[in-house]
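Below is one structure, written out as structure tokens, with a few remarks after it.
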Amino acid sequence: MSTITVSGPAAITVVASSGTAYTIVTTVPTSFTLSVNANAGPIGLTGATGSTGLTGATGPTGLTGADGATGATGLTGATGATGSTGVAGYTPIKGIDYFDGATGATGATGLTGATGATGLTGATGATGLTGATGATGLTGATGASGIGVPASGASGYTLTKASDADYDTVWAAGSGGIAEAPIDGNQYARKNAGWEIVVGGASMATYNGTLDYTSAGNSVAVVTLTTTTAITSSQVVQVFYTDKLDEVIVQDMRVSEQSRSAGSNITFIGFAPDGACGTYAIRAIVSGT
């Protein structure tokens, strides 16, 4: 007889001395000892099936097997029949409440928000292209003639008022203005649109000379003028500078008659307190008798 220790469910093969192999299958979950008589006789008839033993405790979960290979894609099924059209629904619109409630009263207007700060001034855009020149407009009608110098008039004519009315003028013969009186030493006055000698009037004569301040210390200069007619002691002589008047005023320069002879000479003396340089023109006017 042989003894075998079995740990849980197993299939055990036993070979008899006759060479026959026997397989023993056990489902006992716990370890047990199995005794085998190797010298047993021939196998007897199969006994009746014994009653089912108690279900053993569930064994521990075995390790998860490796994923199997992906199967081939199945054939596409036939297209199903088209379903019937459903009831038309609402088209959503923003701001509309689709609940069947009454429209509420309009809410009060909210307060005006504060004015936002002024944004920065954007950069100046590029200058646009110059537009094409427009077509030239039609020439306007000629306006009425304005008030101006009347037409006609011969060479030497002057424009003269024809009446006291505005713009009433005509061309008239004559040069216009008043001609200069004769220059002959006599005194003249206008009479009957002409010049006449004033009876008893004083005659007048003009003489020019030059004071030279380049000597005598540049402060005194003397000049003698010869008249065209005899000079009397009763005639009046006026003398004054005729050029460089700005210097004359600044330097307080003066000129006066120094002496006269019974003949035809008058001597003038000039005085420059701060000194002068160069020559200065003077003019003497002799009048009276």
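The values are calculated or read from the model by the stated rules, or taken from the named source; none is laboratory data. Owing to the predicted nature of the structure, the values given are computational and were not obtained by experimental measurement. Quick reminder, even Gly has a Cβ in these numbers, built from the backbone with ideal geometry, and neighbours come from all protein chains shown.
Take the residues in the range 208-264 that are part of a loop (DSSP other than H, G, I, E, B) and without any contact (Cβ under 8 Å) to a residue 24 or more places away in the chain, then tell me which one is nearest to the chain's Cα centre (by Cα).
Filtering the range 208-264 for residues that are part of a loop (DSSP other than H, G, I, E, B) and without any contact (Cβ under 8 Å) to a residue 24 or more places away in the chain, the one nearest to the chain's Cα centre (by Cα) comes out as 252.
Out of the range 207-225, which residues are β-branched (Val, Ile, Thr) and either surrounded by 13 or more Cβ atoms within 10 Å (Cβ to Cβ) or at pLDDT 90 or above (or both)?
Those that are β-branched (Val, Ile, Thr) and either surrounded by 13 or more Cβ atoms within 10 Å (Cβ to Cβ) or at pLDDT 90 or above (or both): 210, 220, 222, 223, 224.
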